[in-house]
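Q: Below is one structure. I have some questions about it.
The values are calculated or read from the model by the stated rules, or taken from the named source; none is laboratory data. Predicted model, so just to flag it, every value in this text is computed and none were measured. Reconstructed Cβ throughout: ideal geometry from the backbone, glycine too, with neighbour counts over all protein chains shown.
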Amino acid sequence: MKWYKLIAPTAVGITVGTIIGKKVTDKWLFPELALKKVKKQLEANGPITGSWILMKLEEIEVDGETLKVYRGGVTQEIEGKRVQINFCMDAKSGEIVKFE
C-alpha cells in the first residue's frame, strides 16, 4: 500500500473538520456556558439553589427583531424566600433579552 493514499485523505479530513468545527462553535454559545453566565450575574442577589436550561434553540421576537435564544430558569433564595426566575438569553451575543 502506498502511504500517500492514506495520508492525503486524512490530511484533507482533518483540515475540513477543523474549519467546520471552528465555524460551528463561533456561531452559538453552548447552553452550559449560557447558564453559567446567568448564574454568575444573579449570584449577587442571593444563593442559587437550582437551575435548568433547554438545549434546543428557540426563536422569539424582541423589539421587532427575531432572535435565537436559549430558555432557562434559576431558583434563588432572596430574603429567605425561594424565587423562580425564568430567562431567555441570546445564543449569539450572550445577552439576557427577557426575564420572567
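Q: Identify the residue in the range 48-70 that is surrounded by fewer than 10 Cβ atoms within 10 Å (Cβ to Cβ) and not in a strand (DSSP E or B) and, among all such residues, is nearest to the chain's Cα centre (by Cα). Reasoning before the result, please.
A: Narrowing the range 48-70 to residues surrounded by fewer than 10 Cβ atoms within 10 Å (Cβ to Cβ): 55-56, 59, 61, 63-66.
Next cut, not in a strand (DSSP E or B) only: 55-56, 63-64.
Details: 55: 8, 56: 9, 63: 22, 64: 22 Å.
The residue in question is 55.
Q: For the condition assigned to a strand (DSSP E or B) and crowded, with 16+ Cβ neighbours inside 10 Å, what is the one hit in 84, 76? Break it down into steps so the answer makes sense when it comes.
A: Numbers: 84 fails: crowded, with 16+ Cβ neighbours inside 10 Å.
Only one candidate passes the filter, namely 76.
Q: Of the residues 40, 36, which single one is surrounded by 11 or more Cβ atoms within 10 Å (Cβ to Cβ), modelled with pLDDT of 90 or more and part of a helix (DSSP H, G or I)?
A: Working: 40 fails: surrounded by 11 or more Cβ atoms within 10 Å (Cβ to Cβ).
Every option except 36 fails the conditions.
Q: Restricting attention to the range 87-100, which residues are in a strand (DSSP E or B), at pLDDT below 90 and among the charged types (D, E, K, R)?
A: So the first thing to find is which residues in the range 87-100 are in a strand (DSSP E or B), and the list is 87-90, 96-99.
Keeping just the survivors that are at pLDDT below 90 gives 96-99.
Once the filter is applied, which keeps residues that are in a strand (DSSP E or B), at pLDDT below 90 and among the charged types (D, E, K, R), the range 87-100 yields only 98.
Q: Same structure again: Within the group 75, 66, which residue is in contact with an Asp or Glu (Cβ under 8 Å, 6 or more places away or on another chain) and either without any contact (Cβ under 8 Å) to a residue 24 or more places away in the chain or among the hydroxyl-bearing types (Ser, Thr, Tyr) (or both)? Even if it seems obvious, please write down each step before you answer.
A: Values: 75 fails: in contact with an Asp or Glu (Cβ under 8 Å, 6 or more places away or on another chain).
Unique residue meeting the criteria: 66.
Q: While we're on this one: When you look at residue 92, is it over 12 Å from residue 35 (Cβ atoms) and touching a residue at least 60 places away in the same chain (Cβ under 8 Å), yes or no?
A: Values: over 12 Å from residue 35 (Cβ atoms): yes; touching a residue at least 60 places away in the same chain (Cβ under 8 Å): yes.
The answer is yes for residue 92.
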